[in-house]
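The values are calculated or read from the model by the stated rules, or taken from the named source; none is laboratory data. Just so you know, these numbers come straight off a predicted model, no measurement behind them. Cβ coordinates were reconstructed from backbone atoms using ideal geometry, including for glycine residues, and neighbour counts include every protein chain displayed.
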Amino acid sequence: LQLPSYLSDLPHPNPALPHADPDPRLFSTLGRPPDVKGALQICSQSKAKSLLFRFIPILVWIPKYPYKDWLLNDIISGLSVGIMQLPQSMAYALLAGVPPAFGLYTAFYPVLIYFTFGTSRHVSIGTFAVLSVMIGTVTERLAPDGDFVISSDNSTNATLVIDIAARDLMRVKVATLLTFFSGVYQIVLGLIKFGFVVTYLSDPLVRGYTTAAAIHVLISQLKYVFGINIPRYNGPLSLIYVTLPLTNIATLVISIIVMVTLYALKLLNDYIKSKSPLPIPIELLEVRTIVVSANCNLTGKYGVDVVGSIPKGLQAPVLPEFEMSSSIIGDAFAVAIVGYGITISLGKIFGLKHGYQVDSNQELIALGLSNFVGGFFQCFGVSCSMSRSLVQESTGGQTQLASVVSCILILVVILEIGSLFSALPKAVLASIIIINLQGMFKQFRDICHFWKTNKVDLMIWVVTLLSTVLLGMDIGLAASVGFALLTVIFQTQLPTYSILGQVPMTDIYRDITKFDTAKEISGIKIFQSTATIYFANAELYEEALKKKMGIDVAVLITKKKKRILKLEKKQKKMAKKEKKAEKKQKVKNRSISVNMDMEQPGSGPEKHTLESLGLQKPNVHSLILDFSPVNFVDSVCIKIIKNVSRHTKALQLVTSLQLSHTEGHQDPYTHIHNIQA
């Protein structure tokens, strides 16, 4: 018997008998079952290890962590970020419509999850103003103050008594459910390799959206700055007249003092950051405010609204309540996309700067797990904060170990000293939010930048800003993405058409209307469209080509057909006369008959040249269609190109395609394929 194929390469027990039955012992030591099983085990172990390292990146970098070189930097960076995260987390909780204590939970649990699964070393995950205001829009919509009114005075809306505890409890349920579903979306999108979805959020769109979000944030914090309670609905402009006289003067004074101090210290930080690697912890200003508030009894004497009781200790995990799922699904997707878009954009910037790769799909999974797990611990949606990330990077942070240090600081506050913040005025948190918005408001400078560089980007920025401000965060985002996609369609339908000329002494070709040095080659037209040619713009391409050629193709072809028809009629008359003459003479002239048959209609107008028909030949003998910018073609494009080829062939022009994709416009005679009509 011949050895099986899987044993053909193994040594035979008896080389002298190559066709003898194999020794059964081969199957116990060298045979297929042990080999296949071993190979499968090795393959499975290798694949499992690779997948494990891919989905849990901490297993890759933590064993190689250079403690001597990076640990101190990460500790200093983590403390700086933690000091900054502490007041921001409570402040952004107000934006999300939940009590400040839940901001502390959000700054703890999701950050630890991202530390394990994230691939960016420098982004600071946690509360983020834009995401918080998006969540706050949903919590206020599904749990409005009007649903929790205990009693009211019919004479005025200003005396409404609201069950704050019940309202906050409901809003926490809404926020956690929203966070849970946004995490599910992100995990699923990451598993199916859908990280590229962020490409639909262009830079002008993101900047316009965050600017609009800053306006929403500013407006939402004015009630804390002035110390007034604004009813959700009222007549136009009536809020100003009704509530402005009710301003709490003490609250307003606190807000002004805190904002002026914060702004001055930020300017000082910007001034000394080149000399000192550590910024001044200006957020610690709130500690002094706490002492003043507690000693002066600002709440009792002046009615200043404070944070209130902060529960001591960590919260046990709770399953989200899914009764409101149908009302949250759409909002959760918007939160998931915006949160991921901000994180991956900043992550890639830091990755490029410091020379490491950020996996977009793994970032989706990491952020999704952070939100998914956070949903069980009563957290609201997280993303990366630009201000905290810049602090983490500028203070020497090298890895996400800095985030763990900041989490330890947050944990100490939650477990031991959280009660100290109960006397913190909400006006201080609102002031911190407003001062931190200055970076977003600086994005109004984009108007001048986009006006000079790209008008379409300017349109996207303005439409995104207006739609988000006027329609809300959710509908505004959908409208902005829709408009951005429409601009892509419009740009393909309104491309730039040009005739290219050669720059002297080079193989470079440029638009002759924009470059004076570019000159047309005698007898050759090189035509280019800046957009891909497909069904939406194929006819526009054909019309532009006819116009740019400077030849009235339709008129010339019509004249040629008329001349041919006239010539054929004349030939027919001559043939009839000859036939009559032949009948009379009884002589059949076969040569005339053959010539006549060759000139029958339908034999093709190509037999007749323009010169033979008495028409002036165009001063162009070749047409080159530059398809370098074209990424794909469809059947309509092919049909149009064939029509062009037939028309130019009728005018005795040679038509070719330039298909090379090279930098600039290289010699169009290279890589040319003749068109087959």
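Summed over the stretch 434-453, residues that are farther than 26 Å from Met259 by Cβ, without any contact (Cβ under 8 Å) to a residue 24 or more places away in the chain and not basic (Lys, Arg) total 4.
Among the residues of the stretch 130-140, is any outside any loop (DSSP other than H, G, I, E, B), within 20 Å of Gln438 (Cβ to Cβ) and modelled with pLDDT of 90 or more? The answer is yes; a qualifying residue exists.
Might you check whether a residue that is outside any helix (DSSP H, G or I) and in contact with an Asp or Glu (Cβ under 8 Å, 6 or more places away or on another chain) occurs anywhere in the stretch 376-383? Full working, then the answer.
Of all residues in the stretch 376-383, those outside any helix (DSSP H, G or I) come to 377-383.
Checking which are in contact with an Asp or Glu (Cβ under 8 Å, 6 or more places away or on another chain) leaves us with none.
No - not one qualifying residue is present in the stretch 376-383.
From the list Thr464, Thr513, which one is of a type in the set (Ser, Thr, Tyr), modelled with pLDDT of 90 or more and on the phi < 0 side of the Ramachandran plot?
Working: Thr513 fails: modelled with pLDDT of 90 or more.
Result: Thr464 is the single residue among Thr464, Thr513 that is of a type in the set (Ser, Thr, Tyr), modelled with pLDDT of 90 or more and on the phi < 0 side of the Ramachandran plot.
The residue pairs whose first member lies in the stretch 556-583 and is of a type in the set (A, V, I, L, M, F, W, C), whose second member is in a helix (DSSP H, G or I), and whose beta carbons are closer than 6 Å, counting only pairs six or more residues apart or on different chains, are Ile557/Ala650; Ile564/Pro605; Ala575/Met596. Among the residues of the stretch 538-550, the ones that are touching a Lys or Arg at 6+ places or on another chain (Cβ under 9 Å) and either outside the structural domain of Ser522 (by TED's automatic domain parsing) or over 18 Å from Val633 (Cβ atoms) (or both) come to 3 in all. Residues that are among the hydrophobic types (A, V, I, L, M, F, W, C), within 24 Å of the chain's Cα centre (by Cα) and not in a helix (DSSP H, G or I) within the stretch 87-129 comprise Val123, Ile125, Phe128, listed in sequence order. So for the stretch 600-615 (the condition being of a type in the set (Lys, Arg) and modelled with pLDDT of 70 or more), does at least one residue qualify? No, the stretch 600-615 contains no residue that is of a type in the set (Lys, Arg) and modelled with pLDDT of 70 or more.
When the stretch 345-361 is filtered for residues that are modelled with pLDDT of 85 or more and under 16 Å from Ser383 (Cβ atoms), the ones remaining, listed by number, are Leu346, Gly347, Lys348, Phe350, Val358, Ser360.
Going by what's in this entry, would Gln357 be described as in a loop (DSSP other than H, G, I, E, B) and out of contact with any Ser or Thr (no Cβ under 7 Å at 6 or more places or on another chain)? Before you say what the answer is, go through the steps one by one.
Numbers: in a loop (DSSP other than H, G, I, E, B): yes; out of contact with any Ser or Thr (no Cβ under 7 Å at 6 or more places or on another chain): yes.
Yes: the conditions hold for Gln357.
Selection of first residues in the stretch 105-125 that are touching a residue at least 24 places away in the same chain (Cβ under 8 Å) and not assigned by TED's automatic domain parsing to the domain that holds Val413 and of second residues that are buried (at least 24 other Cβ atoms within 10 Å of the Cβ) and charged (D, E, K, R), restricted to Cβ pairs under 6 Å at least 6 apart or on distinct chains, gives an empty result. If the condition is being surrounded by fewer than 24 Cβ atoms within 10 Å (Cβ to Cβ) and either of a type outside the set (A, V, I, L, M, F, W, C) or out of contact with any helix residue (DSSP H, G or I) (no Cβ under 8 Å at 6 or more places or on another chain) (or both), then the stretch 60-81 contributes Trp61, Ile62, Pro63, Lys64, Tyr65, Pro66, Tyr67, Lys68, Asp69, Leu72, Asn73, Ile76.
Could you go through the stretch 574-596 and let me know if any residue there is at pLDDT 80 or above and surrounded by 12 or more Cβ atoms within 10 Å (Cβ to Cβ). Yes, there is a match, as at least one residue in the stretch 574-596 is at pLDDT 80 or above and surrounded by 12 or more Cβ atoms within 10 Å (Cβ to Cβ).
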